[in-house]
Structures are given as structure tokens and as C-alpha cells.
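Visitor: Structure below; questions to follow.
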Amino acid sequence: MKAKHIIILALITSLLGGAVSIFGYKYLIGEKYIYSVQNRPPAVLSNYTADTTSVVVPEGLNFIHAADAARPAVVHIKTSYEPKSQGQSRVYPGGPMDQMLKEFFGDGFSMPEGNYQNGGAREASGSGVIISADGYIITNNHVVENADNIEVVLNDKRSFTGKLIGTDPSTDLALVKIEEKDLPTVIYGNSDNVKIGEWVLAVGNPFNLTSTVTAGIVSAKARNINILKSKDNLAIESFIQTDAVVNPGNSGGALVNLRGELIGINTAIASPTGSYAGYSFAVPVALVKKVIKDLAEYGTVQRALLGVSIMEINSTLAKEKGLKGVTGVYVASVNQSSAADKAGLKEGDVITHVNQIPVNSSASLQENVARFRPGDKIRVKYVRDGKEQEVDAILMNTKGNTALVKKEDITASTKSVGASLIDLSKEEMKKLRIDGGAKVTKLLPGKFKEAGIKEGFIITSIDKQKVKNAEDLMHYLDSNKSEGTLIGGIYPNGQKAYYAVAW
């Protein structure tokens, strides 16, 4: 065959091959792929082919329904903090909301809404979500913590005075009540069913821009960012992480799915500046429902404990302990006479499920246990010596029993000062380098709040007399006959403070 014939044949073969390739791509990838996109569920965003003119957006994929469903039930919460007299000044003059955010974002952060004018009241703002037609509203603890006045502004611009029903610093949630009827509400969703990559909306009041809606996707679940670590040793962090734009003022607002169902309460952002930088975090609604129900029924949260110390499993731990996989959480120790101990769990077990819900991190285990009250029974699935087993565990409270506690159960001594007190844990004493104290876990109207004491304050002395524990403090208060008392102590962040309490 002559050379020119060979060249012509090769050229024809190449052209035919290219035509077949183009036809095959269009048929096998292009048109067939577009067909599959058209038949996807409505809430899934389509990808695109090389032919951008053929992109198909599934019918119904928009955020209008979710925004319309959520906005009427999201409120603007405005708080104010009156300055105290000499000797009773607040430890955090910027207000508790600023303090919490500064601890997370650094000292360079400040709330745009907050302002002191000529020594006047400090004002701040956040968001809330109406959960009942008769005026119960969910928000963040750091939005309303120690506020002297709470104003709730509805989406229709009506304004009400809010009453604080209860707070839970360990989850950064709070319950506020306004006196009104027939209010719009959100519908609870199921945060367990939320999928990574799912579209979500954040609704709130960033920078006082009321009823703002932003969109993003779920980036991760059961995320622990240690923002509540200094607030309470029993803090629960199992956040839904999203890339929906959230800024100061969004705290306490709604995170909803495309059906307009509440799946979380927006709480924090990860940012070096204090403004949105890519990620935001919300408390999952499964935990929110339990905490809010406790606050409404008891005035305080019924915290249930399994009684284990756990470690997250990685390849190093799996190799060291001879584990076959990296799923679940490793039981490092079991507290004596705890729920886990009585159920038969042992050191070395790997917990994989709680009530059929998979747990693969400390955060997810804590969240799933925290949904229950002392006395509740949960089903724990675990692996021991390579074999999967299940057992029932009856959860206990922090005192090692199954009793429930009401806010009214405070003793006569603590009623007069308006505070709930507990003994300081060994871990807190070691961290703060002190050998005793009584921690203020809850504040009600009373002498302590009037003096400017905040929740979390650890009382170490009264009139220069050492306080070893809560019982020691209560004994001194019962026997004290003076007209005034000097209380000294320290906050979990290490800042010392003194307060003058007048009787």
C-alpha cells in the first residue's frame, strides 16, 4: 500500500473514531445523564455536563417554601444589662454574650449591636424561635444570660417583654415566654435524618438586619468545637455544621430544611474575626426538644449520665487495642455503680449504637444519651472481644440515682440568695489550682443576682472564711447574722472576683 493511501486511511479512521466518540459521549453520558437528573427527587441539585445549555434544575428546588414557613416564627431578641453600683460591677462589662464570643473568637471580637453610651445600659441582640402558639420561644443561653430586660420583637414588628423560664449553659439553650396567643410556630424536624450535603436555611437577625434568610448545605454532623468547655464540665457539643452564612445576631435563630422544618438552633461560627468566614454551627433539634421540655416542666434540665469515660477510635488506638475497625467509641473506664457499670459494660468495650442510632464520636454518644432523663432506659449496642452484644442501661443523674429535680427543690438557704449550688469537681479544682469551693449553677431572683454574681461563679470564701463545698457555704449562710457579706471566688476562665451581698 502506498504511503499516501496509508495516510488517507488513517485520517478517515481518526475522523470516524472522533464522530463515534462524540456520539457515544452524548448518548451514554450527556442525554442519559440529563434524563437521570430529571428523574431525581425535587430537593436534589443537579450536576451539569459539558453542554451547559442542557442543565436541568429539578422542579421545586428553591427556598421560597422553607423561608415562608420559617420567617414568621423567628423573632428578634433585644437584651439590656444595667450597670451595677460601685463594688457590684459586672465581671464582663461587655455583657455575657460578648464574653462567650470573645472566648471563642479572641479578644478582637466585639458585637456590632452592643453599645455603652455615657455609662448607660449595655444592649445586645440575637434571635429566637417560637415553638408554641402561646408564646414559648427557644434561643441561646448566651443571648439572654443575666439580662436585666428582654424584649421580643416579632416578624410583624409587634414587641413584647420576655420572661426567662430557664437556661442550660451546658447546651447553650434557653427558654423565654411572652404573653400572647395564636402565634406562628415552626414544625420540628428530625435532625437524625439530616444528611451531609443537604440544603438548609439559616433564619435570624444578623447585625440587626431582621428576618434575614441565608442558604447553605450541611457540612458535617456531631461536630465538637469546644466552645462550651469553660462553661460547664458537662457541656454537650454535637453541632450540625453548615456553610449557611451566620453572623452575630443570628444566635438563637432557626436552621431549617427545605420543608421548613426546624432541624437546629444556630449557635456559633468559626471565624478569626468574629464575622462569617465559612462555617456555622447549630444545636440539633433532637437535643433542643429535650432540653426545652425539661426547662418548661421542671425549670431545670434533667441531665442523664451513662457513667463511662470514652475515647475516639483512630487507626493508632485500633492497632494498640487490637480492634478490628475504627467505628464506635472506646470505653476507657466505667464509673463504679454507674448506669454502665450496672448494665455490665466494661473497660475495652466499643459502643457502636444507642437505641439503634450509630455513634462514632464522643459528641454523638453524649448527644444521644443527653436526650433522656435519669431513670430512662436505653439500649446500648457494643463490641467485646470481636463479638457484637446489646444491653439495657438505666440512666442516672449526677448524684448517682434516678431522681428528677425541680427548680422548687432548692433549700431554704439557697432560696434566700436565689441560687443553686454544687460541689466543685476534682477536675475543676485541679484546673483552677484551688482546693475547694461551691459553684453557682443556676441563678434566680435573689441576693446573689442583685450583687452581680453570674452563673458559673465558684465561691471560695465568705468574709475571708474558706469555703470547701456547697454544704460548707450553706451552713455559713444559715448562721450568718450580719447585714452584709463579702463573697470571693473565681470564674471558670480564671478571673477572680469579689461581691458585696447586703442582707
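The values are calculated or read from the model by the stated rules, or taken from the named source; none is laboratory data. In this text the structure is predicted, and so the values were computed from the model without any measurement. Positions of Cβ are generated from backbone atoms using ideal geometry, with glycine treated the same way; all protein chains shown enter the neighbour counts. Calculation scope for accessible area: heavy atoms of the full protein, side chains included, ligands and nucleic acids excluded. Shrake-Rupley method; radii C 1.70, N 1.55, O 1.52, S 1.80 Å.
Visitor: Can you list residues from other chains, or at least 5 along the same chain, whose modelled amide H is less than 5 Å from the amide H of G166?
Guide: Hits under the 5 Å cutoff: L175.
Visitor: Still on this structure: Provide the per-residue ³J(HN,Hα) series for segment 439-446, in order, calculated from phi with Karplus coefficients 6.51, -1.76, 1.60 and θ = phi - 60°, each as a whole number of Hz, with x at glycine and proline positions.
Guide: The phi angles translate into 9, 7, 9, 8, 10, 10, x, x Hz.
Visitor: On to the next question. Between K221 and residues 5 or more places away or on another chain, which pairs have amide H atoms under 5 Å apart, with H built 1.01 Å from N, and which residues are they?
Guide: Q241
Visitor: Right, here's the next one. With an 8 Å Cα cut-off and a minimum separation of 6 or more residues, compute the relative contact order for segment 160-212 in percent.
Guide: Reported as a whole number, the value is 20 percent.
Visitor: Taking a ≥ b ≥ c as the square roots of the eigenvalues of the Cα gyration tensor of segment 189-298, is the shape rounded (a/c under 1.5), prolate (a/b larger than b/c) or oblate?
Guide: Rounded shape, in that the Cα axes give a/c under 1.5.
Visitor: A further question follows. Select from segment 172-257 those trypsin sites (Lys or Arg not before Pro) which occupy a DSSP coil region and have at most 16 other Cβ atoms within 10 Å, ordered by residue number.
Guide: On the way: sites: K177, K181, K195, K221, R223, K229, K231; in loops: K181, K195, K229, K231.
Here the trypsin sites (Lys or Arg not before Pro) that fit, given the DSSP loop and packing criteria, are K181, K195, K229.
Visitor: Also, quick follow-up: So what are the radius of gyration and Dmax for the Cα set of segment 118-194, in Å?
Guide: 13.7, 50
Visitor: A further question on this structure: Can you list the residues of segment 128-171 with backbone N under 19 Å from a point 7 Å past the Cα of E450, pointing along Cα to Cβ?
Guide: 146-149
Visitor: Right, next: Could you list the trypsin sites (Lys or Arg not before Pro) in segment 296-371 that lie in coil according to DSSP, counting only those with at most 12 other Cβ atoms within 10 Å of their Cβ?
Guide: K324
Visitor: Please compute the length gained on full extension between D463 and E179, using 0.36 nm multiplied by the number of residues separating them and subtracting their Cα-Cα distance. Display every interim value, and only then the final one.
Guide: Details: separation 284, 0.36 × 284 = 102.24 nm, distance 4.24 nm.
So the extension gain works out to 98.0 nm.
Visitor: Here is a follow-up. To one decimal place, what Kirkwood hydrodynamic radius in Å is obtained for segment 231-382 from all pairs of distinct Cα atoms? Could you put the intermediate results ahead of the total?
Guide: Numbers: mean 1/r = 0.0581 Å⁻¹.
Value: 17.2 Å, from the Cα pair sum.
Visitor: Accessible area per residue of segment 271-358 at 1.4 Å probe, in Å²?
Guide: Per-residue accessible area for segment 271-358 comes out at 46 Å².
Visitor: Taking the mean number of other Cβ atoms within 10 Å as a proxy for protection, how do you rank 358-365, 207-214 from highest to lowest?
Guide: Highest-to-lowest ranking by the protection proxy: 358-365, 207-214.
Visitor: Relative to the present Cα-Cα distance, how much length would full extension add between I196 and K157 at 0.36 nm per residue of separation?
Guide: Going from the current span to full extension adds 10.5 nm.
Visitor: Would you mind putting 396-404, 484-492 in packing order, based on average other-beta-carbon counts within 10 Å, highest first? Display every interim value, and only then the final one.
Guide: Working: 396-404: 14.9, 484-492: 17.8.
Final packing ranking: 484-492, 396-404.
Visitor: Short version: ³J(HN,Hα) in whole Hz for each residue of segment 268-283, in order, from phi by Karplus 6.51 cos²θ - 1.76 cosθ + 1.60 (θ = phi - 60°), x for Gly and Pro, what are they?
Guide: The phi angles translate into 8, 10, 9, 7, x, 10, x, 10, 4, 9, x, 9, 9, 9, 10, 6 Hz.
Visitor: Specify whether the C-alpha gyration tensor of segment 305-406 places it in the rounded, prolate or oblate class, a ≥ b ≥ c being the square roots of the eigenvalues: rounded for a/c under 1.5, otherwise prolate if a/b is larger than b/c and oblate if not.
Guide: Taking the square roots of the gyration eigenvalues as a ≥ b ≥ c, segment 305-406 is prolate.
Visitor: Among the listed pairs K399/K468; K177/K454; K426/K466; K293/K431; K157/K293; K195/K319, give every one whose C-alpha distance is greater than 24 Å.
Guide: Over 24 Å Cα-Cα: K293/K431; K157/K293; K195/K319.
Visitor: Read phi for every residue in segment 485-498 and hand back ³J(HN,Hα) as whole Hz from Karplus 6.51 cos²θ - 1.76 cosθ + 1.60, θ = phi - 60°, with x for Gly and Pro.
Guide: 9, 9, 9, x, x, 8, 8, x, 7, x, 7, 7, 7, 10
Visitor: Taking amide H atoms as placed 1.01 Å from N in the peptide plane, list the residues 5 or more away in sequence, or in a different chain, whose amide H sits under 5 Å from that of V359.
Guide: Residues meeting the criterion, in which the H sits 1.01 Å from N, are H353, V354.
Visitor: How big is D, in µm² s⁻¹, for segment 437-479 by Stokes-Einstein at 10 °C and 1.306 mPa s if Rh is the Kirkwood radius over C-alpha pairs?
Guide: Estimated via Stokes-Einstein, D reaches 148 µm²/s.
Visitor: Right, another one. Between K324 and S132, what FRET efficiency comes out of the Förster formula 1/(1 + (r/R0)^6) with R0 = 41 Å and r the beta carbon distance, rounded to 0.05?
Guide: Working: r = 48 Å, r/R0 = 1.17.
It comes to 0.30.
Visitor: Which whole-number percent gives the relative contact order of segment 189-348, counting Cα pairs below 8 Å spaced six or more residues apart?
Guide: On the way: 316 pairs, mean separation 26.9, N = 160.
For segment 189-348, the relative contact order is 17 percent.
Visitor: Compute the length gained on full extension between N149 and E312: take 0.36 nm times their separation in residues and subtract their Cα-Cα distance, giving the result in nm to one decimal. Each step should come with its number before you reach the end.
Guide: Details: separation 163, 0.36 × 163 = 58.68 nm, distance 4.26 nm.
Length difference between fully extended and current span is 54.4 nm.
Visitor: What residues from segment 316-359 fall in the zone where the backbone N is under 13 Å from a label point 7 Å along the Cα-to-C-beta line of D385?
Guide: Label zone hits: 349.
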